[in-house]
1. Which pairs break 31 Å Cα to Cα here: A:Lys556/B:Lys39; A:Lys539/B:Lys56; A:Lys176/A:Lys313?
2. Could you state the per residue volume, in Å³, of the convex hull enclosing the Cα atoms of region B:2-74?
3. At R0 = 45 Å, how high is the FRET efficiency between A:Ile25 and A:Glu156 if r is their beta carbon distance? Nearest 0.05 is fine.
4. When 1/r is averaged over all different Cα pairs and the result inverted, which Kirkwood radius in Å belongs to the protein assembly as shown?
5. Rounded to two decimals, what ratio of Rg to Rh does region A:405-499 give with C-alpha atoms and a Kirkwood Rh?
6. With θ set to phi - 60° and the Karplus curve 6.51 cos²θ - 1.76 cosθ + 1.60, what are the ³J(HN,Hα) couplings of region A:222-234 in order, to the nearest whole Hz, using x for Gly and Pro?
7. A:Asp474 versus A:Gln279, label points 7 Å from Cα toward the beta carbon: distance in nm?
8. Find how many whole Å separate the alpha carbon centroid of region B:40-76 from the alpha carbon centroid of region A:399-419.
Amino acid sequence: MNRFRNLIDALAAAPGDRPFVTAWIDEDEQETVTFAEFRRRARSQAKMLSEYEVNTGDRVIILMPQQIAAMTTFVGAMMLGAVPAFLAYPNFKVEASKYRAGLAGVTANLKAKMVVIDDAFPEDMLGHVHLCEEAKLIRAGDSKSVGAEVELHDLEVRPESLAFIQHSAGTTGLQKGVALTHAAVLNQLEHLAHALKIDGEKDSVYSWLPLYHDMGLIACFILPMVCHMRVVMQSPLDWVMHPETMLQIISEYKCTLAWLPNFAFQFVPRRTPPNRWAQYDLSSARALINCSEPVRSSSMQEFENAFSAIGLKSGTLHSSYAMAENVFAVTQSDINAPSGPNRVWADGQRFRSMHVIAPVAQGTPGAVCFTSSGRLLPNNEARIASDSGILLAPGFVGEILVKSDSLFTDYYNRPDLTAKAIVEGWYSTGDLGFTLEDQLYVIGRKKDLLIVGGENIYPQDIEEIVASHPAIHDGRAVAMGVYNSDLGTEDIVVVAEVEREELLTNTVDIEREIRNLVVGGIGVAVRTIFLKPPKWVVKSTAGKAARSGTREKLLKEHPELDVRGSGD
Amino acid sequence: MIEHIVRLIRKPGANIDENTPLVSSGLIDSMALVDLLLKLEDLTLRRIPAGKVQPKDMNTVALMFATAQRVGKARK
């Protein structure tokens, strides 16, 4: 990868006739723009923004559907030295009041000069778009110069200038605006392109990931832009409705790279009827990268088992540990490893009671399996720290701290949060993990951890066991901690959906079997099991169980519970 | 569709007609809307681009069918 001064220079250097973005709407409707056409449209958007006196350093919020126009507006703002940020576009599933409140919080914090919306933006959502005194709200098509060839003044955008703001994952409105410089972004992309051996001419990315999250923005938009590589994208909602379209698009466009959260590795094979698998061909894919914390070996295996017969090669599934605060990736699994990310089996008892990884042979009773997120990218460092801040040796579990040449500058306008998050150059990720033989393993969020009788229990481990019971709907179990004031520790409470309503007539047997499974699997007792009818558990946008929403619902129905613990 | 919604909200005998507000009244939660949109595709034999559907488009059964006609495309 060439070394560029800023992201705009990187785009300018792309071969004009190479396809850049293909927006896939459905089988009959797709739009592809080349790099030259993308540049032309971005300049046109820049001109429009400059007509509204957007200048260097001004924040520009983009509230547009996941289409090419949103991307050209984003780059157009950067061409002026302004600082764009994508926010989530309202969709049919959002609760209007929550969306408005979230938007109000985020836009107020950014003190934006301009909020750009599309023509179809719902009027009833506009009431709470916070506009500071100078700010303007405009429709994306409001330019006199749209369609015309536009010349812009040559603007020197320095590497240390802010390039854009991306929002950390989290509930809308509570998200933190992560401010990133051109240099930080380019450093990250250089390391990532090197680790993945990206060839802009031969590689292409498939994406359904939203542009307002780091996976969608960095891996599936800015990385292709800087590496001069094609990206074929569809809207996240269209994918959730029809997950099979992922197979269709990769097959048709021969995509080589994709980034996915862990659940997608189960969601696609489960929601695509097996009799249609043979229509597709995944042989073009060379890296499908799981970016979740934690990476689940069972999910990856399910995807591989389903699709190895349609060309998915061994060693195509990979892992990465990524976060908005580091622009994107901290680690990446070895792209040349013939069988994908490393795995390690550890003594379950020692892991839970002492937070120590004592490797054992695969298949040892009571062993816990961890999948590596890979090795650190160049110029990235990780430390593992105990609760009291003591640095831990390899094989000990603690909070992951990160330092790199792509770390964020600050949380925009939030010096209080920045000071808490970065101490002496090290960013506290809030994730628990360990290192072993130069690999980083991520276990889960520190705030999700349940501490039961001095043992460290991860809710997802219990949920996986509960969901393996044939009476329980797969993926519809949530484990949480309930403080037991008599014992001074947390008890484990599980809420799970049964497959069919009639199963609720015999809950005693099911509950007993679940308890036995959990005790047998990880050696802890569940205090209370709430079996619920189908569709009871609160689901996230993508259809997986939402831990915090389910907890709230359970509390409402059972106010006697003092449920404490974690969010999603 | 109304039968499907009654099953979905788990209130047998609930009095829902094609103009009953579903989302704004809290009768169905937003997460159930993906289910409803898929059901709507089945009933209308149309493919509905989810990105073109707004919350208000799904608030009543009548609006849902109007939305399917407006933004949906006949399935092949």
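Laboratory data are not the source of any read-out in this text; all were calculated from the coordinates shown. Keep in mind the model is a prediction, meaning the values are calculated, not measured. Here the Cβ positions follow ideal geometry from the backbone for every residue, glycine too, while neighbour counts run over all protein chains shown.
1. A:Lys176/A:Lys313
2. Enclosed volume per residue, from the Cα hull, is 75 Å³.
3. The value I calculate is 0.75.
4. 25.9 Å
5. Reported Rg/Rh (Cα atoms, Kirkwood Rh): 1.11.
6. 3J(HN,Hα) across region A:222-234, in whole Hz: 6, 4, x, 5, 7, 8, 6, 10, 7, 10, 10, 10, 10.
7. Distance between the two pseudo-spin positions: 2.1 nm.
8. When both Cα centres are located, 43 Å separates them.
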